[in-house]
Structure formats: structure tokens, C-alpha cells
Amino acid sequence: MRTLALLAAGVVLAGSAPAQVAPVSVRVGLDRAWTGQRLPFFVELRATGSFAGTASFDLPALPGILLLKIGDPVVSSQDIEGQSWFVQSHEFALFSQTPGPLEVRPFGVRFACRDGFTGPVKEVRGRTPGFAVEIRRPPGSDRIGFIITTESLDVAETWEPGPGPAEVGAMVRRTIVQRAAQVSGMALAPAPTDAPPGVRVYPGPSETNDRLERGDFLGERRETITYLLTQAGTITLPALTYMWWNPTAEQLQSRTLPAVTFEVAPRPAPIAPPAGSTGGRCWPWLPALALAAGLGFSRAPGLSRLVRWGRKFRGSLDPPERVAARRFLRACVDDDAAGAQAAWVAWRNLQAASFEPDRSLRAEILGLQRHLFGSGPVRQWQGSTLARAFSEHLAGSGTVPPHEAGSTLPPLNPPRGPGGRQVTGP
């Protein structure tokens, strides 16, 4: 009995509606469309009284197909079977990347209406009729892959910073904006992420926006790609070409974003330790300062030689590699993801060209970079695991860890202070 009742509700309007008038119908604007072309269709809801609330639709999920609801419904009245009906028309758009016959099966619809203008609200459940259309591939586009159909496509880009001189470890952000008539932003092609060796690519989430003004439909897609420059030298990012099919001119058209070149210089080796870290380790300067005091500050050339000698002496005791490692560990302990990335690049540039991190360290570095440049949700980064993997790598390679490592590495289960903050010192 329950099944029969549900079936009856799907094809007959609640109340005293005539049985031969279906509460839901479909009107298809085109029976053929090009690949990536907007194919409009309309779902019409019928009631003998005024509508109440918002209708809902169980749109089917079809592979290679995008179904979208467009704008607000339009309400009108029609005479059907000698009776006046309220008709609520909902517009939808279908975009397909799969050529050939396409069958859209019936899908569920729910809406509410009254008997007349003041009667009680009643819920109606129904299903749309199925319909079939044909999707055609534009001639000459078989090797293109993803393609849209529109009379115009505008593509623009901005760089931050712009192409030109750069440094290893620099991050370059490229924002690409596409705008097309009669195409949803969700149906526009995603930006390619190809890059040459020496560049890591981190695509960000896309932002889409559709506008419907006086019947004109305009779709926009905006996405930002982050490039991390990891090697010194001349690096050229290839040109990007966007192609589309113009149905009015019946020809393929394209727009190309030009290739860009970066002259990437190695990062300068760090010379001095971080500010505030010289306490207790300034003794290498004492002989030079004492001798300078004995000679007198009036003898500037002698003082200059002493300063250079002091710097050289200090550099032999605290080489740049140890300074970079100390900065890296400090950034990890402070949970400073951006600082850790910069310090890692500085330390990495001081290693031999054949250097490869071990599996554990590589995994932690990739986790750091996914946090900085990935498209997932941003969470608080914790650097203790990376600091530990880095120290273990140094120990395994026979490298003496920086003398601060013992005090900067947090315990495996650090104590927590008020608010859950790690307690890293007295």
C-alpha cells in the first residue's frame, strides 16, 4: 500500500487535480549540442493553487556531465484541459564533455502548493520525464581534449612577483582568470600545471562565479597557481593555450598566455647567526676586541684588518651550514612553517649537488610544502616531527648537529601550558 501511495504521489497532484495532467514536465531547448556547449532545459511545475516554499530537485550525477540550476523560477498561468493552472518554470543548463547520444533519466522533484490562494499547504512529490539529446564533437578537436563552446573567451593573468630575476626558494603566484559567454565558470577548463625541472607546482582551489543579467549568461573561473623555484639557472615556464569552438563562426579559436622566464640565482649563504643567539658564544671576538683596544680606535686600517680576521675566525668555528641548520631547527620548534621552508632552502643550497634526504626527512619536507602551498584546508602546522627527522638525518650522515639542537628540539610529549600551548622553556 505504501508503495502504491508513493507512486500515485509521483504522477498526480495532491488534491482534486485532474489525473491526466502531470504535475511535472520537461521542456528541452535543443536536441543537439556541441561538446562543452550550454544546453538549456526547463522543468515546469504545475499546481491549481499558488506555490509555497522552495522546490527541490534530485539532479542525477552523470560522468562527464555538469548539470546546473540557473537563476530564479518564473511563475505564469496556463489553461490546461479547460482548467487554469499555475506554472513554475525552472531553468537548468547541461554541459557535456562526452560526445554521442546522451540520455537524462527521470529525477525526483519536491514542491509545495495550495488549493487556490488561501488553502492549506500540501507537498507534492513527482519525477521529471526522461529525455535524450546528442552531443557532437567539433571537427578537428579530437586531439585537444577538454574544450568548451562559446562565441568568446577572455583569458587574463597576473604574476606576483613578475617574471625576471629571482632567487632559489622564491615563491611565484600566477592568477589566471577566464570569462566566457553562455558557459558556467564550473564548465571552464582548469589551468594546466605543467612545469620544467627545478619548479614545483602547487595549484590552489578555483573560484567560480556565474552572472545572469537580462538573459545574458557569463561564467568566470579564477585560480591561483604557486610555483616554488628550487634550482638556480634560467627557468622558462611554457606558454598556455586555451582553445574553444565558436558555434557561430563554426571554427576553432584560441588564446595563448606567453611563456615567462625567471633568472634564478642561488640563495646567499648565511653568515651571522639569528639575532639574540650570540649570548655565551661571543668569545671568538674577545681577542680581536682586546687587541683593537690596545692599538686604539684611531688606527682605522689596523682595526679593519682585525675585524676581517675576527669574522674569518668566527666563520671557521660556526660555518654557514651550521648556522642554516640552527635556523631551520629554531623555525621548526617555533612552528613557523614559512621560516622553516626558507631555512630549509638555505641549508639545502649549502649541500652537495648529489644530496638526497632520507625517506623520513623527505616525507616531512613534503608535508611542510603541502601545508604552505597545497589546496586543502589550512591547519596549525607542528614542526617537532620535522625537527626530529632533520636531526636524525644529520646523525645518520655523520654530520655533527648544531650545538643548539639539544636545547631546541622539543620532547616527544611536550608539557602543555594554559590554552594547550607547548611549553618549550622554563
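Bear in mind that the values in this text are calculations on the coordinates, not laboratory data. These numbers come from a predicted model, not from an experiment. Glycine gets a Cβ as well: all are built from the backbone with ideal geometry, and neighbour counts include every protein chain shown.
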### Task
Let me know the charge dipole size of the range 148-265 about its Cα centre in debye, to the nearest 20, where only the beta-carbon of Lys, Arg (+1) and Asp, Glu (-1) is charged.
160
### Query
Got a sec to turn the phi values of the range 146-154 into Karplus ³J(HN,Hα) couplings, 6.51 cos²θ - 1.76 cosθ + 1.60 with θ = phi - 60°, whole Hz, x for Gly and Pro?
5, 8, 10, 10, 7, 7, 8, 9, 10
### Whole-angstrom gap from the range 39-109 to the range 152-218, using each part's C-alpha centre
32
#### Entry: 3J(HN,Hα) from dihedral phi, the range 228-238, Karplus parametrisation 6.51/-1.76/1.60, rounded to Hz, x for glycine, proline
9, 7, 10, 9, 7, x, 8, 10, 10, 8, x
### Query
With labels modelled as points extended 7 Å from the Cα through the Cβ direction, what inter-label distance (nm, one decimal) is found for ARG200 paired with SER397?
1.6
### LEU59/ALA363 FRET efficiency (R0 45 Å; Cβ-Cβ; nearest 0.05)
0.65
### Cβ-placed point charges (K, R +1; D, E -1), dipole of the range 101-193 about Cα centre in debye, nearest 20
540
### Task
Find how much the distance from SER76 to SER152 grows on full extension, using 0.36 nm per residue of separation minus their present alpha carbon separation; answer in nm with one decimal.
24.0 nm
### Task
At 7 Å along the Cα-to-beta-carbon direction for both SER354 and LEU68, put a label point, then send me their distance in nm to one decimal.
5.5
### Query
Which whole-number percent gives the relative contact order of the range 2-136, counting Cα pairs below 8 Å spaced six or more residues apart?
32
### Test item: Cα-centred dipole of the range 94-154, Lys/Arg +1 and Asp/Glu -1 on Cβ, debye
340
## Note on the structure
The simple spin-label model distance between PHE42 and THR234, using points 7 Å out along Cα→Cβ, in nm, is 6.0
